Amino acid sequence: MEAIQIAQKARPKSGRAASDLKAELPPTLGRPFNGKVSEKLLIALLSKSDVYREYEHAFVAGTGLPLKLHAPEMITVIRHARNQENPFCALMAKTSQWCTASYVLQRKVERAAQHAPKTLQCFAGLCETTVPVRVGENVIAFLQTGQILLHRPDRARFDGIARTLKLWNSPVDLKKVEEAWFNTRVLTARQYEALVRLLDISAHQLAACSNALILDSQPQQRPAISKACTFITDHCGDDMSLAAMARIANMSANYFSGKFAEATGMNFVEYVTRTRIEKACALLQNPDLRISEIAFDVGFQSLSQFNRGFKQVSGQCPRDYRDALANT
């Protein structure tokens with residue numbers, strides 16, 4: 001199969017993590033979820049989010065291409081919705097060898113798309129593209145599209161497809177397969193690269209959105225912890241410590257630390273940092289605010305600390321996040 005590089009500018013890896021909130025950031029920030037927020041739940045939250053649903057509708061309606069959000073490490077072949085699927089691919093799905101080949105291709109492109117979008121072609125020349133949704137150093141999901149050709153269909157190429165299907169003893173009607181393949185959407189490499197770039201921008205937005213979903217999906221908390229979470233949200237720009245928050249909750253520091261982690265699924269430092277980044281994401285929508293202003297307004301002690309924390313939570317630096325907003 002012919003490999004095609006699409007939008008291969010790799011995203012930078014996250015910086016070093018440490019433990020002190022005022023000077024460094026905890027290593028847990030590189031993890032988008034934990035015992036309280038499972039991978040399956042996070043994918044469900046993202047799939048149902050307004051950000052993704054509106055983008056999926058606009059992308060499919062505007063481009064005519066399919067779009068699927070799925071978890072990493074898929075165990076079965078990814079199928080698009082019937083109203084999105086290429087007729088040629090729908091016909092080929094009746095062939096077991098095609099399903100096996102599709103699964104192998106999708107796993108291959110998924111493994112290659114850990115840091116940037118990747119496109120590969122199947123034996124029939126159709127593209128399969130996977131775009132990673134990254135939070136810090138972790139891939140939390142993939143956006144998948146494709147089922148188009150980057151070249152005009154021709155008789156010689158189809159004759160090769162037909163020979164392969166005969167070798168497979170495929171039950172599909174070759175006349176229908178031929179008609180579907182010759183009517184497959186054709187884009188230039190430049191056009192397709194632009195569409196993949198749009199998906200990459202969307203992936204960054206989904207990564208940032210995941211932080212808000214994590215914070216909003218916490219189970220009902222005991223009143224003292226709920227009070228602490230509300231205080232953090234309302235005063236995230238202030239200097240705050242675990243000991244001071246424990247006093248507000250009327251608990252000892254050690255007891256509060258354990259109960260807070262139990263209730264929220266993350267430690268105090270991570271929760272505060274995620275809350276600050278979530279507020280920063282909202283402020284970055286205002287182009288009149290300098291990034292340095294935002295960093296200090298939301299409670300970070302330095303611009304470098306803010307940049308490091310933002311990248312670990314959202315998967316990109318604040319400037320890239322703002323640029324992505326401006327391009328949408």
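Quick look at the numbers
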item: Hey, residue 114 assigned to a loop (DSSP other than H, G, I, E, B), surrounded by 16 or more Cβ atoms within 10 Å (Cβ to Cβ) and either hydroxyl-bearing (Ser, Thr, Tyr) or in contact with a helix residue (DSSP H, G or I) (Cβ under 8 Å, 6 or more places away or on another chain) (or both) or not; result: no
item: Residue match in segment 295-311 (condition: touching a residue at least 40 places away in the same chain (Cβ under 8 Å), under 17 Å from the mean Cα position of the chain (by Cα) and either more than 17 Å from residue 209 (Cα to Cα) or crowded, with 23+ Cβ neighbours inside 10 Å (or both)); result: yes
item: Test: residue 168 is surrounded by fewer than 17 Cβ atoms within 10 Å (Cβ to Cβ), touching a residue at least 60 places away in the same chain (Cβ under 8 Å) and in contact with a Phe, Trp or Tyr (Cβ under 8 Å, 6 or more places away or on another chain); result: yes
item: Failed criterion for residue 312 (all others in (1) in contact with a Gly (Cβ under 8 Å, 6 or more places away or on another chain); (2) not in a helix (DSSP H, G or I) hold); result: (2)
item: Single unsatisfied condition, residue 289 versus (1) without any contact (Cβ under 8 Å) to a residue 24 or more places away in the chain; (2) in a helix (DSSP H, G or I); result: (2)
item: Among (1) touching a Lys or Arg at 6+ places or on another chain (Cβ under 7 Å); (2) in a helix (DSSP H, G or I); (3) not basic (Lys, Arg) - the single one residue 171 does not satisfy; result: (2)
item: Residue satisfying all of: in segment 126-162; assigned to a helix (DSSP H, G or I) and either in the same structural domain as residue 278 (by TED's automatic domain parsing) or not aromatic (Phe, Trp, Tyr) (or both); surrounded by the fewest Cβ atoms within 10 Å (Cβ to Cβ) among these; result: 156
item: Residue within segment 175-188 that is in the same structural domain as residue 118 (by TED's automatic domain parsing), farther than 27 Å from residue 207 by Cβ, in a helix (DSSP H, G or I) and in contact with a Cys (Cβ under 9 Å, 6 or more places away or on another chain) present; result: yes
item: Selection within segment 80-111 - outside any loop (DSSP other than H, G, I, E, B), over 20 Å from the mean Cα position of the chain (by Cα) and among the β-branched types (Val, Ile, Thr); result: 100, 104
item: Within segment 254-276, tally of residues that are surrounded by fewer than 22 Cβ atoms within 10 Å (Cβ to Cβ) and not in a helix (DSSP H, G or I); result: 2
item: Enumeration of residues in segment 75-134 that are among the small types (Gly, Ala, Ser) and modelled with pLDDT of 85 or more; result: 90, 93, 96, 101, 102, 112, 113, 116, 124, 125
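The values are calculated or read from the model by the stated rules, or taken from the named source; none is laboratory data. Everything quoted here is computed from the prediction, not taken from an experiment. Note: ideal-geometry Cβ built from the backbone for every residue, glycine included; neighbour counts use all protein chains shown.
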